[in-house]
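Working notes, beginning with the structure itself.
Bear in mind these aren't lab numbers, they're just calculated from the coordinates by the rules spelled out. All values reported here derive from a predicted model rather than from experimental measurement. Glycine also receives a Cβ, built like all others from the backbone with ideal geometry; neighbour counts cover every protein chain displayed.
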Amino acid sequence: MALTKKGAKLITVDDIVYRWRVRGKPTYAQALCERPLTLAIEQADCKGSVLLVSMPQEHPSNWIGGPPVPVLPSMVAAVVRKALTEGWRPSQPAAAFRMVAPDVSPKPRIP
């Protein structure tokens, strides 16, 4: 399974370039906030395993109207590093590697 290049962003984590994207339109379950946001990540220069990550936030286009929490590059880098320690091998062809992301959202500043 390859990731669509359209709408994907590039990020470099530990000198390796990855492509990542969030689905533009939520699935029905994501729109109702029944399922979390899913992030797809793959190594940019090869056709290996895709990482599918359930993020701790809702899809920003949900129908319930909760406050959107953006997926930041720092979150993506943290998720990639965690997946690599859990056994994801992005350069080897295999089925999609699924994981639940730790809460890597930025902490609000208290003035």
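Cut-off is 10 Å between beta-carbons; in what order do I64, I41 appear when sorted fewest neighbours first?
Lowest to highest Cβ neighbour count: I64, I41.
Any idea what the dipole of the chain comes to, in debye rounded to 20, about its Cα centre with Lys/Arg Cβ at +1 and Asp/Glu Cβ at -1?
240 debye
Cα centroid distance between region 20-61 and region 66-99, in Å?
The distance from the Cα centre of region 20-61 to that of region 66-99 comes to 10 Å.
Among the aspartates and glutamates, which fall within straight-line cross-link reach of K9, defined as a Cα-Cα distance under 18 Å, with same-chain neighbours fewer than 8 residues apart omitted?
Hits, sequence-local ones excluded: E42, D45.
Order 70-82, 21-33 from most to least packed using the mean count of other Cβ atoms within 10 Å.
For the peptides 70-82, 21-33, the packing ranking is 70-82, 21-33.
Residue separation times 0.36 nm, minus the C-alpha to C-alpha distance between S91 and K5: what's the value?
Once the chain is fully extended between S91 and K5, it gains 29.2 nm.
Return one number: the angle in degrees, 0 to 90 and rounded to the nearest 10, between the long axis of the Cα atoms of helix 73-85 and the longest principal axis of the Cα atoms of the chain.
50 degrees
Let me test this: with uniform point scatterers at the alpha carbons of the chain, what is the Debye-based log₁₀ I(q)/I(0) at q = 0.18, 0.19, 0.23 1/Å?
-0.90, -0.99, -1.33
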